[in-house]
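First comes the structure, then the notes that go with it.
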Amino acid sequence: MALVNIQNIQFQNNPSPFQSPLRLDITFECLKQIPEEIEWQLIYIGSAKDELYDQVLDKFSMGDLDQGVMQFTIESNPPDHTKIPSKEDLLGVTAIILTVSYRNQEFFRVGYYVYNQYTDPELIENDPTEVLIDKVERNILANQPRITHFNIKWGNEEEKIPDQNNNNFNNVMQDMQQLNNHMQNMLPNPFQKYETIDNNNSTNNNYMFAEGLNIPMSNAFQTLNCMNPY
């Protein structure tokens with residue numbers, strides 16, 4: 001049983017210009033005192049083809065946590081667009097991933113698809129050769145979190161880890177490449193405020209739907225329990 005449960009994640013400024021900071025409000029609960037640090041890491045996927053282009057937007061630790069519910073905000077710089085290898089990788093579908101670890105063991109991972117696009121009709125119709133980064137909008141599909149829990153050792157006791165297939169980073173990347181082919185059909189009109197996506201269009205992609213991330217209250221999440229791949 002996990003001693004730390006991530007209860008809620010909300011993006012403050014979404015959608016927003018690509019170059020604006022990312023802000024996430026996070027609520028989590030410690031079921032007992034956690035004497036050692038837990039590590040948080042926010043990662044932007046620069047290219048679905050190569051992990052070399054992943055960008056760590058923020059990485060920090062919290063230590064000696066008391067039992068109870070806590071809240072905090074992550075505020076990070078946007079991805080460095082100059083480190084994204086191609087125009088095709090920058091525009092369209094990518095992902096942002098939040099991982100949480102204890103004693104160098106990842107126990108929680110949530111990924112969100114990100115859709116980067118122009119919102120100016122003229123730029124959509126006449127796509128510039130070079131990306132005009134100040135005209136690109138970043139839209140995080142915050143109501144489609146993909147969640148993975150990993151069984152880890154929280155104490156000195158031996159914990160038997162179930163023998164199950166990993167559903168890890170590679171699965172997200174494969175889905176992301178497939179999704180890019182039909183993303184336009186799944187997304188709402190880019191000139192209207194994003195609200196929801198028809199669940200009927202996603203019966204084969206194993207996504208998990210909910211408003212934000214609210215694990216205790218929601219039956220919308222199909223929790224995945226896996227071995228830690230690291």
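None of the figures in this text is laboratory data; all of them are computed from the coordinates on show. Being a predicted model, the structure only gives us computed values, none of them experimental. Glycine gets a Cβ as well: all are built from the backbone with ideal geometry, and neighbour counts include every protein chain shown.
Points worth noting:
- For GLN41, the residues whose modelled amide H falls within less than 5 Å of its own, excluding neighbours fewer than 5 places apart on the same chain, are THR99.
- Gyration tensor (alpha-carbon) shape descriptor, segment 46-91, a/c threshold 1.5: prolate
- Extended-chain gain in nm, criterion 0.36 nm per residue less alpha-carbon gap, THR129 and HIS81: 15.7 nm
- For the set LYS59/LYS87; LYS87/LYS153; LYS32/LYS83, the pairs lying more than 32 angstrom apart at their alpha carbons are LYS87/LYS153; LYS32/LYS83.
- DSSP-assigned coil residues among GluC sites (Glu not before Pro) in segment 11-45, each with at most 16 further Cβ atoms within 10 Å: GLU36, GLU37
- Packing-based ranking of 142-154, 47-59 yields 142-154, 47-59, ordered from highest to lowest mean Cβ neighbour count within 10 Å.
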